[in-house]
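Novice: Have a look at this one before I ask anything.
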Amino acid sequence: MTRYQIVASVLGADYMRLGDELAELEAAGVDGVQWDVMDGRFVPNLTFGADVVAAGRSRVELPFEAHLMIEEPERYVADYVRAGCDTVIVHAEATVHLHRTLGLIAEAGGRPAVALNPATPVEAVRDVLGDIDLLLIMTVNPGFGGQSFIESMLPKIRRARRMLDELGSDARLEVDGGIKAHNVALPARAGADVFISGSGILSHPEGKATAVKELREALASLGRPPGTSDST
Ligand code: DX5
């Protein structure tokens, strides 16, 4: 059975001990790490260059994904693949030629993925769903961690799941923003199968392992993700 995946965002990590935070996340049992890359233009915040990601690569075995919340991401997608990211996520709103940008990610050896801000309809990327390995539906307005989950995104997640299923796509459907153990069942029931959590894991009062355990328990109660079989 393809189980639900829990991926930790390191946006809210202690940057003075980032390597240790990565090791702790690996020990806590997350399925991957998401690097929230921000340029101060597409979103009002600034974060990690590819060199920071490359430094983290040597510390853990976990899959890395780069969430590029930057204008004209085509300029940098190859850098983040080289830095060690298996998946590179670009925003449909940030690149004029999305199809070509997704091709650049694949050419660099990465898995292409696209993200949608809350106001962007999933229909905007209908014609590239066949070119991606992952579709990210933002459940907050991007730029900062610790925000509240936007429940009005649930119908959009359901539409995205329907579109992927109609296409016969095996792309993963990811949600990011305000995901906690008390609400993760909502996007899961709507059809998401990858869950990004930042503050829900990094700021959990009982630590990262407890946070991940609580997220997994909340998902386990739902049974199998949509479109998956009993095969492992
Ligand atoms: C927003 C970021 C955050 C982060 C997760 O731009 O993408 O959503 O990854 O932060 P939390 O889980 O604290 O909302």
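The values are calculated or read from the model by the stated rules, or taken from the named source; none is laboratory data. Small disclaimer: the values here were computed from a predicted structure and weren't measured. We place every Cβ from the backbone using ideal geometry, glycine too, and count neighbours over all the protein chains shown. Heads up: the accessible areas ignore ligands, DNA and RNA and are worked out on the full protein's heavy atoms, side chains in. Shrake-Rupley method; radii C 1.70, N 1.55, O 1.52, S 1.80 Å.
Novice: What is the number of the single condition among (1) within 20 Å of Phe48 (Cα to Cα); (2) open to solvent by 50 Å² or more (accessible area, probe 1.4 Å); (3) aliphatic (A, V, I, L, M) that Val96 does not meet?
Specialist: Of (1) within 20 Å of Phe48 (Cα to Cα); (2) open to solvent by 50 Å² or more (accessible area, probe 1.4 Å); (3) aliphatic (A, V, I, L, M), only one is false for Val96: (1).
Novice: Mind listing whichever residues of segment 39-61 are within 15 Å of the ligand (Cβ to nearest atom) and either more than 24 Å from His204 (Cα to Cα) or open to solvent by 70 Å² or more (accessible area, probe 1.4 Å) (or both)?
Specialist: Taking segment 39-61 and keeping what is within 15 Å of the ligand (Cβ to nearest atom), we get 39-48, 53.
If the condition is that a residue be within 15 Å of the ligand (Cβ to nearest atom) and either more than 24 Å from His204 (Cα to Cα) or open to solvent by 70 Å² or more (accessible area, probe 1.4 Å) (or both), then Asp39, Gly40, Arg41, Phe42, Val43, Pro44, Leu46 are the ones that fit.
Novice: For the subset of segment 158-184 comprising residues that are part of a helix (DSSP H, G or I) and of a type outside the set (Lys, Arg), which member is surrounded by the fewest Cβ atoms within 10 Å (Cβ to Cβ)? Quick ask: steps written out before the conclusion?
Specialist: At the first step, the residues of segment 158-184 found to be part of a helix (DSSP H, G or I) are 158-167.
Filter once more, keeping what is of a type outside the set (Lys, Arg): 160, 163-167.
Values: Ala160: 28, Met163: 19, Leu164: 21, Asp165: 13, Glu166: 9, Leu167: 12.
If we take residues in segment 158-184 being part of a helix (DSSP H, G or I) and of a type outside the set (Lys, Arg), then Glu166 is surrounded by the fewest Cβ atoms within 10 Å (Cβ to Cβ).
Novice: From the list Asp127, Asp20, which one is out of contact with any helix residue (DSSP H, G or I) (no Cβ under 9 Å at 6 or more places or on another chain) and either open to solvent by 20 Å² or more (accessible area, probe 1.4 Å) or part of a helix (DSSP H, G or I) (or both)? Before you say what the answer is, go through the steps one by one.
Specialist: Values: Asp127 fails: out of contact with any helix residue (DSSP H, G or I) (no Cβ under 9 Å at 6 or more places or on another chain).
Only one candidate passes the filter, namely Asp20.
Novice: So in segment 209-232, with the set limited to residues that are open to solvent by less than 30 Å² (accessible area, probe 1.4 Å) and at pLDDT 95 or above, which one is nearest to Gly191 (Cα to Cα)?
Specialist: Looking at the filtered set, the residue picked out is Leu219.
Novice: Considering segment 32-60 alone, what residues qualify as being under 18 Å from Thr87 (Cα atoms) and in contact (Cβ under 8 Å) with a residue 60 or more places away in the chain?
Specialist: Scanning segment 32-60 gives Gln34, Asp36, Met38.
Novice: May I ask you to say which residue of Ile89, Ile105 is outside any loop (DSSP other than H, G, I, E, B), touching a Pro at 6+ places or on another chain (Cβ under 6 Å) and under 28 Å from Arg158 (Cβ atoms)? Steps first, answer last, please.
Specialist: Values: Ile89 fails: touching a Pro at 6+ places or on another chain (Cβ under 6 Å).
Exactly one residue qualifies, and that residue is Ile105.
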